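Worksheet: one structure, shown below.
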Amino acid sequence: MDNKQEINSKADIRIAPMIDWTDRHCRYFLRQISPNVMLYTEMITCGALLHGDIDRHLRFNDEEHPIALQLGGSNPSDLAKCTELANQYGYDEINLNCGCPSDRVQSGAFGACLMKTPEKVLECLSAMRSATDKPVTLKCRIGVDEFDDYEFLKEFIATTAESGCDTFIIHARKAWLKGLSPKQNREIPPLRYDVVHQLKQDFPALKFLINGGIQTLPQMEEQLALTDGIMIGREAYQNPYILADIERQIYSSANILSREEIALKMIDYARGQYENYGTPVKSITRHILGLYQGQKGAKIWRRTLSEAHKVAEDHFTLIQDALDNMHSKKAQSCIAA
Ligand SMILES: Cc1cc2nc3c(=O)[nH]c(=O)nc-3n(C[C@H](O)[C@H](O)[C@H](O)COP(=O)(O)O)c2cc1C
């Protein structure tokens with residue numbers, strides 16, 4: 001078996017949890033492009049689940065499997081209850097967020113600030129594991145604030161792995177909890193892939209997936225060879241058809257749908273969502289703006305779909321309008337007012 005085949009046969013590629021982006025419509029869309037990647041929900045807090053509309057937060061389309069629910073919280077008993085809910089809804093994995101640096105999350109004492117209290121994370125993961133047979137995984141940074149040396153991270157992994165959690169998704173940059181916005185915290189702290197590679201060396205029995213700044217096929221293949229898997233965030237959202245390249249080149253898949261076939265599937269999906277749930281078309285079209293990224297006509301596609309707020313909520317053929325406009329190169333002309 002050559003090196004490439006070896007990588008491909010075990011390729012574990014996941015699409016990152018992204019608040020406001022990876023909702024069920026986005027995930028359905030990404031799944032049409034890639035049958036093989038694992039999908040994650042946005043982070044859903046225990047508070048939202050235990051005191052809010054559970055079905056609105058947890059409902060997903062069958063086609064989305066394999067799918068992980070990412071939870072935000074720090075109360076072991078609440079996390080266990082939410083894990084039970086995840087079981088009822090049929091999620092394939094439950095993930096604990098220890099990487100989000102937002103103020104809202106810090107005031108709830110979860111997300112990245114949890115990295116400062118590994119014993120607490122151990123309790124949380126143990127409670128979650130006791131509530132499910134499905135894998136419980138952890139997503140974290142390589143450090144937080146002044147807790148950023150390798151020994152700290154190593155200790156954090158060793159402690160939290162005592163829960164039995166054996167899969168860690170590491171965003172390979174530290175987070176600053178004060179002074180940087182969440183967006184800056186995804187850009188300013190330098191990427192340290194070497195730290196994740198070192199973790200794999202030090203804990204060979206654990207699984208480490210690497211995340212942060214992975215955008216190209218060569219980068220993906222390089223990281224797949226050095227780690228147990230990769231997680232892709234912004235690139236998958238902004239340039240979603242890269243998932244077709246992943247299918248073709250990494251999974252050697254046949255029958256990859258064209259951009260147009262995917263667009264047509266999204267019309268049917270939008271119709272079904274409107275008829276079953278009253279979902280306005282704009283809730284769906286906002287996630288597919290990047291489908292033609294880098295292609296001729298991409299601007300027209302994007303511009304037509306961006307008019308979604310001006311059309312009736314059930315105007316799911318807006319997606320067809322965008323295709324027609326691209327084909328005829330007459331932007332705007334077919335949008336029903
Ligand atoms: C809009 C947005 C929302 C995000 N929301 C979450 C989240 O809910 N949970 C989480 O663990 N990370 C979240 N992240 C971080 C991503 O999961 C990922 O770790 C980060 O974007 C780095 O990966 P990338 O460089 O491939 O984008 C978010 C990122 C973005 C851009």
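What follows draws every value from the coordinates through simple rules; no lab data is involved. Predicted model, so just to flag it, every value in this text is computed and none were measured. With ideal geometry, Cβ positions are generated from the backbone for all residues, glycine too; neighbour counts draw on all protein chains shown.
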Rounded to the nearest Å, the spacing of the alpha-carbon centers of the range 47-72 and the range 117-168 is 22
With the chain reduced to its Cα atoms and the Debye formula applied, log10 I(q)/I(0) at q = 0.07, 0.08, 0.10, 0.14 1/Å amounts to -0.30, -0.39, -0.61, -1.14
For the chain, longest principal axis from Cα atoms; helix 24-33 axis from its Cα atoms; angle between them, nearest 10 degrees, is 80
For Lys154, counting only lysines whose alpha-carbon sits under 18 Å away and dropping same-chain residues fewer than eight positions off, the answer is Lys116, Lys120, Lys139, Lys174, Lys200, Lys207
Those trypsin sites (Lys or Arg not before Pro) from the range 164-194 that are DSSP loop and have at most 12 other Cβ neighbours within 10 Å turn out to be Lys178, Lys183
The base-10 log of I(q)/I(0) that the Debye equation returns for the range 259-328 at q = 0.22, 0.27, 0.28 Å⁻¹, one scatterer per C-alpha, is -0.86, -1.26, -1.34
Computed ³J(HN,Hα) along the range 309-320: with the Karplus parameters 6.51/-1.76/1.60, θ = phi - 60°, integer Hz and x for glycine or proline, the list is 5, 8, 9, 4, 4, 9, 7, 5, 6, 3, 5, 5
Ranked by GNM mean-square fluctuation in the chain (Cα springs under 10 Å), the top entry among Asn87, Asn255, Asn211 is Asn255
To the nearest 10 degrees, the tilt of helix 193-202 (Cα long axis) against the first principal axis of the alpha carbons of the chain is 50
Cross-link reach from Lys282 to lysines, straight Cα distance under 19 Å and at least 8 residues apart if same chain, gives Lys265, Lys299, Lys310
Between the modelled labels at Gln219 and His51 (7 Å from Cα along Cα→Cβ) the distance in nm is 3.9
Taking placed amide H atoms and a strict 5 Å upper bound, the residues 5 or more places from Arg14 or on another chain that come that close are Met38, Ile230, Met231, Ile232
In a Gaussian network model of the chain with springs linking alpha carbons closer than 10 Å, the residue among Asn61, Asn36, Asn325 that fluctuates most is Asn61
When the charge dipole of the chain is computed with +1 on Lys and Arg Cβ and -1 on Asp and Glu Cβ about the Cα centre, the Cα farthest towards its positive end, among Gly297, Met266, Cys98, belongs to Gly297
Taking Cα atoms, the helix 118-130 axis meets the longest principal axis of the chain at an angle in degrees (rounded to 10) of 60
Spelling it out for Val144: with amide H atoms placed in the peptide plane at 1.01 Å from N, the residues 5 or more places away or on another chain with amide H under 5 Å from its amide H are Ala175
Debye calc, one equal point scatterer per Cα of the range 90-151, no solvent, log10 I(q)/I(0) at q = 0.15 1/Å comes to -0.48
Summing -39500 (n - 2.57) over every DSSP H run of at least 4 residues in the chain and dividing by its residue count gives a helix-only mean residue ellipticity at 222 nm, to the nearest 500 deg cm²/dmol, of -12000 deg cm²/dmol
